[in-house]
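First comes the structure, then the notes that go with it.
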Amino acid sequence: MSIDDLGGLDGTCEREGCGKEIRYEHLTYHPDWGYKKVGSTCIEHLTQKDKKLSGKVLACYRNISNFVHSSDWYQGKTQKGKSYIGATHSYDLIRIYGEERRYAFQVALKEKGRNYYHYKDIVRVPGKTLEEVKELAYIALKGVTTKDIEEKAMLRNLYKSIR
């Protein structure tokens, strides 16, 4: 997922059974072990499946970042006059209510061929910045809409780690 040059042997490989001092720290993700920082040698021990999964995680991070930074976010008001910041993803909506460090979000799903949205519960996320809430809302929306079981599990783990 990322590689950092520590400038010297200032890191420790977190791969099971290794623990060696490392200079180049590779941040990787595995659904069973979570995030690990491993050295250049140990990163090569990843299986093909692990490499594929790491690629999926990296692609997921890119998608989240693209959505947060490239979407057209707009100001709106609910039918009851409550202000929100909103964005559309495919046909679905994300709404963010509140103010800095006191936000909540809601996703609304639009079924194909329907003229209305199905609004999900409002999720409170105290202590988060607007950017963090946008990320969480997107992850929640993708988690609800994906059909891929592997992706759903990955999004669930990512959501828990950020929340």
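The values are calculated or read from the model by the stated rules, or taken from the named source; none is laboratory data. As the structure is a prediction and not an experimental result, all values here were calculated from the model. Counting neighbours? That spans all protein chains shown, and the Cβs are built from the backbone with ideal geometry, glycine included.
As an exercise: evaluate L58 against (1) over 23 Å from the mean Cα position of the chain (by Cα); (2) not in a loop (DSSP other than H, G, I, E, B) and give the number of the one condition it does not meet. Unmet for L58, out of (1) over 23 Å from the mean Cα position of the chain (by Cα); (2) not in a loop (DSSP other than H, G, I, E, B): (1).
When the stretch 61-94 is limited to residues that are under 16 Å from L109 (Cα atoms) and touching a Gly at 6+ places or on another chain (Cβ under 9 Å), the one that is surrounded by the most Cβ atoms within 10 Å (Cβ to Cβ) turns out to be I94. Please verify whether the stretch 122-130 includes one or more residues that are under 30 Å from L27 (Cα atoms) and part of a helix (DSSP H, G or I). Looking through the stretch 122-130, at least one residue is under 30 Å from L27 (Cα atoms) and part of a helix (DSSP H, G or I).
One line per residue, one yes/no per condition, for (1) under 30 Å from K36 (Cβ atoms); (2) at pLDDT below 95:
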{"site": "R62", "(1), (2)": "yes, yes"}
{"site": "A104", "(1), (2)": "no, no"}
{"site": "H118", "(1), (2)": "no, yes"}
{"site": "V125", "(1), (2)": "yes, no"}
{"site": "K142", "(1), (2)": "yes, no"}
{"site": "T146", "(1), (2)": "yes, yes"}
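Look through the stretch 17-33, keep the residues that are at pLDDT below 80 and either surrounded by 13 or more Cβ atoms within 10 Å (Cβ to Cβ) or of a type outside the set (A, V, I, L, M, F, W, C) (or both), and return whichever of them is nearest to V57 (Cα to Cα). Of everything passing the filter in the stretch 17-33, Y29 is nearest to V57 (Cα to Cα). Restricting to the stretch 64-80, count the residues that are outside any helix (DSSP H, G or I) and either closer than 15 Å to D92 by Cα or outside the structural domain of E132 (by TED's automatic domain parsing) (or both). Counting residues in the stretch 64-80 that are outside any helix (DSSP H, G or I) and either closer than 15 Å to D92 by Cα or outside the structural domain of E132 (by TED's automatic domain parsing) (or both) gives 4. Counting only residues that are assigned to a helix (DSSP H, G or I) and exposed (fewer than 13 other Cβ atoms within 10 Å of the Cβ), the stretch 141-152 holds 2 of them.
For the stretch 80-97, a residue qualifies if it is at pLDDT below 95 and at positive phi, and exactly one does: S90.
Consider Y138 carefully, then state whether it is under 23 Å from G34 (Cβ atoms), within 16 Å of the chain's Cα centre (by Cα), of a type in the set (S, T, Y) and surrounded by fewer than 19 Cβ atoms within 10 Å (Cβ to Cβ). Judged against the criteria, Y138 is not a match. Is it the case, given these coordinates, that R156 is in a helix (DSSP H, G or I), of a type outside the set (F, W, Y) and surrounded by fewer than 15 Cβ atoms within 10 Å (Cβ to Cβ)? Yes.
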